[in-house]
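K.L.:
The structure that follows is given in the form of structure tokens.
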Amino acid sequence: MGWFEKGEKVRIPAAKELWAVCPKCKSHFEKTRWKKNGAICPKCNYHGRLAARERIAQIADEGSFNELFRCVSYSDHLEFRDATGSYVDKVEAAIAKTGETESIVMGTCEIDSHPVMLGVMDFAFMGGSLGTGTGERIVRACEQALAERRPLVLFSASGGARMHEGILSLMQMAKTSAAIGRLKEAGLPYISVLTDPTTGGVSASYAMLGDINISEPKALIGFAGRRVIENTIHQKLPDDFQSAEYLEKHGFVDRIVQRGELKKFISKMLNYWGF
């Protein structure tokens, strides 16, 4: 009998399947530990990015989420194409990758038995970019919130306006801001939660318009990038510039809340407003 016998090949998992790497401190952890900890680094407390459905599962009462406006998606009026392919191909690839049809998931739900309109952006869908479909979903959500007297809770995670749609994507900044303005006129609260990252046209519109703006720790929040600003003003920016902590210190963020406390904190705010 030979020392070795040929049998079935044993598949050895790749390192990226077993280990998660914290984007901030670069520490390595088993993926099971990373997920069990809610994608929060146990060493530096960095709050990693979550998919929209993961966020909804954490925030909404179990079984209460009812998705709306899934059929509202992108438009390709410009028939955009660059060196890497068409806009349509890029969006269809994002849909196949994430299972979502736009960069935001909207729906009604309950948070500790408080009925709300909930929106959660998914950075994995084209960098959470703000397109015509994204803006239309937010506007429709605001209209339904008005009709049903529901507060709006919106989680932002975005690189900004979607360049593939040109000026049409930039128009969503004004469109969504106007819709949120109508909520405020009707006395309905809007809670904005900024997660890593919230930048560009999203940070310059609805993300910063909350009756209360809250953020997760260490989130990147800003408009233009650090290098762009430094090259424009010819000054060195502080190391913590555009961090949630820096914005809280300067009055742009009202409160930084740990991920595990978000649901409780939002519920407390809804109680305060009587909803």
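Every read-out reported here was derived from the displayed coordinates using simple, explicitly stated rules and does not represent laboratory data. Just so you know, these numbers come straight off a predicted model, no measurement behind them. Please note: Cβ atoms are built from the backbone with ideal geometry, for glycine as well, and neighbour counts cover all protein chains shown.
K.L.:
Counting other Cβ atoms within 10 Å, keep those with at most 11, restrict to DSSP loop, and tell me which trypsin sites (Lys or Arg not before Pro) in the stretch 178-275 are left.
P.N.:
Answer in residue order: Lys236.
K.L.:
Also, quick follow-up: Any idea what the relative contact order of the chain is, in percent, if you count C-alpha pairs under 8 Å spaced at least 6 apart?
P.N.:
Over the chain, the number comes to 14 percent.
K.L.:
Nearest 10 degrees is fine. How inclined is helix 167-185 to the longest principal axis of the chain, computing both from alpha carbons?
P.N.:
60
K.L.:
Then there's this: Taking a Cβ-Cβ separation under 4.7 Å as the criterion for a possible partner, which cysteines of the chain have none?
P.N.:
Cys71, Cys109, Cys142
K.L.:
Taking a ≥ b ≥ c as the square roots of the eigenvalues of the Cα gyration tensor of the stretch 217-273, is the shape rounded (a/c under 1.5), prolate (a/b larger than b/c) or oblate?
P.N.:
Verdict is prolate for the stretch 217-273.
K.L.:
Could you list the square roots of 5 times each eigenvalue of the Cα gyration tensor of the stretch 100-173, that is, the equivalent ellipsoid semi-axes, sorted largest first and rounded to whole Å?
P.N.:
24, 13, 8
K.L.:
Any idea what angle helix 262-273 forms with the longest principal axis of the chain, computed on alpha-carbon atoms, 0 to 90 degrees, nearest 10?
P.N.:
Tilt relative to the chain: about 10 degrees.
K.L.:
Next question. Mind jotting down the three principal axis lengths of the stretch 145-210 based on Cα atoms? Whole angstrom, largest first.
P.N.:
35, 25, 15
K.L.:
Sorted from largest down, give the three principal axis spans of the alpha carbons of the stretch 9-166, whole angstrom values.
P.N.:
52, 48, 33
K.L.:
Below 14 angstrom from the Cβ of Ile56, what's the summed charge of the other residues (Lys, Arg +1; Asp, Glu -1)?
P.N.:
-2
K.L.:
Here is a follow-up. How big is D for the chain, in µm² s⁻¹ as a whole number, if Stokes-Einstein is applied with the Kirkwood radius of its Cα pairs at 10 °C and 1.306 mPa s?
P.N.:
Result for D is 79 µm²/s.
K.L.:
Hey, fewest Cβ within 10 Å first, where do Val202, Val153 land in order?
P.N.:
Fewest to most other Cβ atoms nearby, the residues stand as Val153, Val202.
K.L.:
From the square roots a ≥ b ≥ c of the eigenvalues of the alpha-carbon gyration tensor of the stretch 26-108, which class results: rounded (a/c under 1.5), prolate (a/b over b/c), or oblate?
P.N.:
oblate
K.L.:
With +1 assigned to the C-beta of every Lys and Arg and -1 to the C-beta of every Asp and Glu, and no other charges, what is the dipole magnitude of the chain about the Cα centre in debye, to the nearest 20?
P.N.:
It comes to approximately 740 debye.
K.L.:
Between rounded, prolate and oblate, where does the stretch 132-275 land on the alpha carbon gyration tensor, with a ≥ b ≥ c its root eigenvalues, rounded for a/c under 1.5, else prolate if a/b exceeds b/c?
P.N.:
The shape class here is oblate.
K.L.:
Reported to two decimal places, what Rg/Rh ratio describes the stretch 55-97 when computed on Cα atoms with Rh from the Kirkwood expression?
P.N.:
1.18
K.L.:
As a check on your grasp of the helix formula, calculate [θ] at 222 nm for the chain: sum -39500 (n - 2.57) over DSSP H runs of n ≥ 4, divide by the residue count, round to the nearest 500.
P.N.:
Counting only the DSSP helices, I get -10000 deg cm²/dmol.
K.L.:
Moving on to the next point. Quick one: check the C-alpha center-to-center distance for the stretch 41-59 versus the stretch 215-267, whole angstrom.
P.N.:
17
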